[in-house]
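Please treat every number below as a calculation from the coordinates, not as lab data. Values in this document were obtained by computation on a predicted structure and should not be read as measured data. Positions of Cβ are backbone-derived with ideal geometry, glycine not excepted, and every protein chain shown enters the neighbour counts.
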Amino acid sequence: MNIELTDMEFRRLLDLVYAGNWILNSTRGEKRIEDFDKLESKLFSYCLKAGMYTLFEVNDGEVLPSREYAEGGIHEAIMDYEDTVFYEILAEELARRDMNFVPISPENVSELATRIDEYIEEFEKNGIDNISIDK
């Protein structure tokens, strides 16, 4: 299979692959999905041919995203994603808790959405500053 990409498309593909592999493997410890690591390595090896020398490095014969690449902004994008997911999940869990975890149905989905929106609005204004846990 051959895929033709512009330099910019290839660069964006690297970002997608890196971010996807980070999401799928960063929390797995020793149980990483090696196929994703291998594909990431393979795609970053094409940086040499594309003249994108600062985006990769070789460590023990393995092509990896370079430190310069990893510190060049991709993690800020991943952190934005993680923050959004965190707040959305927290808002839904709190809203469902407020509704005593009743099963969601057509009759109460609007109430759930309203409660979620209220929590999201709170988090946008104050982050987690107003969250407390009663012991």
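Which trypsin sites (Lys or Arg not before Pro) in segment 31-77 pass both tests, a DSSP loop state and at most 15 other beta-carbon atoms within 10 Å? List each step's numbers first, then the result.
Working: sites: Lys31, Arg32, Lys38, Lys42, Lys49, Arg67; in loops: Arg32.
Filter output for segment 31-77: Arg32.
For the chain, which DSSP H helices look membrane-span-like by this rule: Cα extent along the axis of 15 Å or more and mean Kyte-Doolittle of at least 0.0?
7-25
Please work out which option in [x] 0.98; [y] 0.94; [z] 1.14 gives Rg/Rh (Cα atoms, Kirkwood Rh) calculated from these coordinates, and answer with its label.
Computed from these coordinates, Rg/Rh (Cα atoms, Kirkwood Rh) corresponds to label [z].
Arranged by the count of other C-beta atoms within 10 angstrom, fewest first, what order do Met8, Met1, Met99 take? Provide the component values of the computation, followed by the final result.
Working: Met8 8, Met1 2, Met99 14.
Ranking Met8, Met1, Met99 by Cβ neighbours within 10 Å, fewest first, gives Met1, Met8, Met99.
If the cut-off is 26 Å between C-alpha atoms, which lysines fall inside it for Lys31, apart from same-chain ones fewer than 8 positions away?
Lys42
Kirkwood hydrodynamic radius for segment 75-126: how many Å is it when counted over pairs of different Cα atoms? Working shown, then result.
Details: mean 1/r = 0.0855 Å⁻¹.
By the Kirkwood definition, the hydrodynamic radius is 11.7 Å.
When a/c is below 1.5 the answer is rounded, else prolate if a/b is larger than b/c, else oblate, so apply that to segment 7-65 with a ≥ b ≥ c taken from the square roots of the Cα gyration tensor eigenvalues.
Details: a/c = 2.61, a/b = 1.50, b/c = 1.74.
Oblate.
If neighbour count is taken as other Cβ atoms inside 10 Å, put Ser45, Ser66 in order from fewest to most. List each step's numbers first, then the result.
On the way: Ser45 14, Ser66 19.
Sorted ascending by nearby Cβ count, the order is Ser45, Ser66.
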